[in-house]
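Here's the structure we're looking at; comments come further down.
The values are calculated or read from the model by the stated rules, or taken from the named source; none is laboratory data. The shown structure was predicted, so the numbers you read here are calculated from the model rather than taken from an experiment. Here Cβ is always computed from backbone atoms with ideal geometry, including for glycine, and neighbour counts include all displayed protein chains.
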Amino acid sequence: MKRSGILVSVMLFFLPLLSLSQPGSSCSSPIPITMDAVCRNYTLSSVTGGNLACTPSGTTPVTYFSIVANSSAQNMMLRITGPNTQAVEVVFYDGTSCTGGNLESASSICFYDGEGIWAPAEDFVITPNKTYILRIKTAITGSIQICGQYYTPPNNNCLGATQIGTGLTIDNNAAHKPANGITPLSVCATALENSAFYVYTVDISGPTSLSIESMKCDNNYESDLLKLGFQVGFFTGNCSSLTYVNCYAGVTSGQLNVGVLPIGSQVFVVFDGILGSNCEYSIRAINAVILAATLKYFTAWKLPEGNLLKWVTVKEHDNAFFEVERSVDGASYIAIHRVTGQINSDVETSYQYMDPSPPARCFYRLKMIGNDGKKTYSNIIRVERQAKINSKITFNNIVKDQVVLQTSDLKQDKLLIQIVDGAGREVYHQDTRINSRNSLININTSNISRGLYYLILSGVDYKEAFPFIKS
């Protein structure tokens, strides 16, 4: 009995130490979040604390997590689901010190229904490879599901607008930045903070509208509905000359009237969160052309022999063909090539076309034409080739563990370096600043398998690809 009593005493003595050493129980022992877009369940800490950003709800479990920015400082996005749909507070610290001076209140958020999407505030500057801390307060203990990923929204500007049609498109604006080229007033806003662009084509002359469904918004302004919600602007024309139609501001799902428009009109939709609200929603257009093809991406590579255009569809329905269109001014387009589409496909399909004689500066888009003759358009991409005339890039095109890249008079302050394999999969990604007219850049290729690859260099008005062999 005495031995048993001693054992109990020892166990009781160490209980506080065990609690303190629990992962996530303090800022100095955070639980790392894997940023690979996979959803994982994490065990919550038993340590408790009060609210720092949201409406006070007493002392409840607090767990610390860490996230590490990647080398290109892409935006970071987390989909969070707390236990039992009870309130969750997410507080963000700029660095690994959880002091008041590091607390980023604009990047903190309140999920009163226990779930939502977190991303840093639109004006927060991410530092490459830096570690950040998240303090997550939940109503009860148990586990929390977090899906973390690095994410650059493709539809953060007009040229990258996501095509929508009569089918539902599920999206969010959590990781977006403010829109350029439009005024806040045209979106019924006092300021633009996290803007997403969409576009559709009117099917028949007459009234058209946008249906917003399953709307859910969160921010850090507690439960004040006047500071929570979305604002939407509608425009016609093209990205170089948008014409305002009307706008709305709201909190819940609904059908928004765009107006009476002629057949074939392109309607551009700009969606923004009130005071930076992170919103999840499903949208569809009423009186819109059914999309013959749903694109995953459409991009261009600048090669010595011409501009290589590549696109991938995730779904095709009665898609007769694609027309590749080119423009020198971004307004007037001509068809330069036609590619046969798929009648019915629910799997990814890859396409490409080499433009052998492109102008020095041009724009491309895809016209997708269904069997019924109706057409929709892709996002627009711009390719500048004149930068190549006054620049020089040299490196050995057979490499082992390292690519040594010499640039001369590239006239770019910042360069995105990518390496992709023959199937178009990215195997290397890095943002590099160029500090002089002549720069030497070392690229580690030791972890890349043998084979043929493309080195892709991208700047503000520059993009070029170079083939090489990893031996």
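All but one of (1) farther than 28 Å from residue 297 by Cα; (2) modelled with pLDDT of 80 or more; (3) not small (Gly, Ala, Ser) hold for residue 409; which doesn't?
Of (1) farther than 28 Å from residue 297 by Cα; (2) modelled with pLDDT of 80 or more; (3) not small (Gly, Ala, Ser), only one is false for residue 409: (2).
Do we have residue 334 as touching a residue at least 40 places away in the same chain (Cβ under 8 Å), out of contact with any Ser or Thr (no Cβ under 7 Å at 6 or more places or on another chain) and either β-branched (Val, Ile, Thr) or at positive phi (or both) here?
Spelling it out, it is not the case that residue 334 is touching a residue at least 40 places away in the same chain (Cβ under 8 Å), out of contact with any Ser or Thr (no Cβ under 7 Å at 6 or more places or on another chain) and either β-branched (Val, Ile, Thr) or at positive phi (or both).
Taking residue 228, is it under 28 Å from residue 110 (Cα atoms), touching a residue at least 24 places away in the same chain (Cβ under 8 Å) and either more than 24 Å from the chain's Cα centre (by Cα) or surrounded by 18 or more Cβ atoms within 10 Å (Cβ to Cβ) (or both)?
Here the answer is yes, as residue 228 does meet what is asked.
Any idea how many residues of the range 183-198 are surrounded by fewer than 23 Cβ atoms within 10 Å (Cβ to Cβ) and not hydroxyl-bearing (Ser, Thr, Tyr)? Spell out how you get there, then give the answer.
Our first condition is that a residue be surrounded by fewer than 23 Cβ atoms within 10 Å (Cβ to Cβ); within the range 183-198, this holds for 183-186, 188, 190-191, 198.
Narrowing further to those that are not hydroxyl-bearing (Ser, Thr, Tyr): 184-185, 188, 191.
The total comes to 4.
With the range 69-182 as the region, which strands (runs of 3 or more DSSP E) entirely inside it contain at least 3 residues that are surrounded by 19 or more Cβ atoms within 10 Å (Cβ to Cβ)?
By residue number, 76-81, 88-93, 103-111, 115-118, 131-138, 143-150.
Okay, residues lined up against (1) of a type outside the set (D, E, K, R); (2) farther than 17 Å from residue 149 by Cβ; (3) touching a residue at least 12 places away in the same chain (Cβ under 8 Å):
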position: 57; (1), (2), (3): yes, yes, yes
position: 68; (1), (2), (3): yes, no, yes
position: 84; (1), (2), (3): yes, yes, yes
position: 88; (1), (2), (3): yes, yes, yes
position: 98; (1), (2), (3): yes, yes, yes
position: 104; (1), (2), (3): no, yes, yes
position: 112; (1), (2), (3): yes, yes, yes
position: 118; (1), (2), (3): yes, no, yes
position: 121; (1), (2), (3): yes, yes, yes
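Between 281, 297, 244, 248, which is touching a Phe, Trp or Tyr at 6+ places or on another chain (Cβ under 7 Å), not assigned by TED's automatic domain parsing to the domain that holds residue 374 and not hydrophobic (A, V, I, L, M, F, W, C)?
Matching residue, one of 281, 297, 244, 248: 244.
For residue 317, work out the one condition from (1) closer than 18 Å to residue 201 by Cα; (2) more than 27 Å from the chain's Cα centre (by Cα) it doesn't fulfil.
(2)
Do the conditions hold for residue 237, that is, is it part of a strand (DSSP E or B) and in contact with a Cys (Cβ under 6 Å, 6 or more places away or on another chain)?
Values: part of a strand (DSSP E or B): yes; in contact with a Cys (Cβ under 6 Å, 6 or more places away or on another chain): no.
No: the conditions fail for residue 237.
Just to verify a result, which residue in the range 39-68, among those that are aliphatic (A, V, I, L, M) and part of a loop (DSSP other than H, G, I, E, B), is modelled with the lowest pLDDT?
Looking at the filtered set, the residue picked out is 53.
Could you please find all residues in the range 257-268 being surrounded by fewer than 24 Cβ atoms within 10 Å (Cβ to Cβ) and closer than 30 Å to residue 79 by Cβ?
Scanning the range 257-268 gives a single hit, 268.
Output the residue which, of all residues in the range 311-353 that are surrounded by 15 or more Cβ atoms within 10 Å (Cβ to Cβ) and basic (Lys, Arg), is nearest to residue 373 (Cα to Cα).
So, considering only residues that are surrounded by 15 or more Cβ atoms within 10 Å (Cβ to Cβ) and basic (Lys, Arg), the one nearest to residue 373 (Cα to Cα) is 315.
Counting just the residues of the range 314-347 that are touching a Phe, Trp or Tyr at 6+ places or on another chain (Cβ under 6 Å) and not in a strand (DSSP E or B), which one comes out nearest to residue 380 (Cα to Cα)? Reasoning before the result, please.
Of the residues in the range 314-347, the ones touching a Phe, Trp or Tyr at 6+ places or on another chain (Cβ under 6 Å) are 324-327, 330, 337-341.
Filter once more, so that each one left must be not in a strand (DSSP E or B): 330, 341.
Details: 330: 8, 341: 19 Å.
Within the range 314-347, the match that is nearest to residue 380 (Cα to Cα) is 330.
Give the range 302-313 a look and list any residue that's assigned to a strand (DSSP E or B) and at pLDDT below 85, or say none.
302, 303
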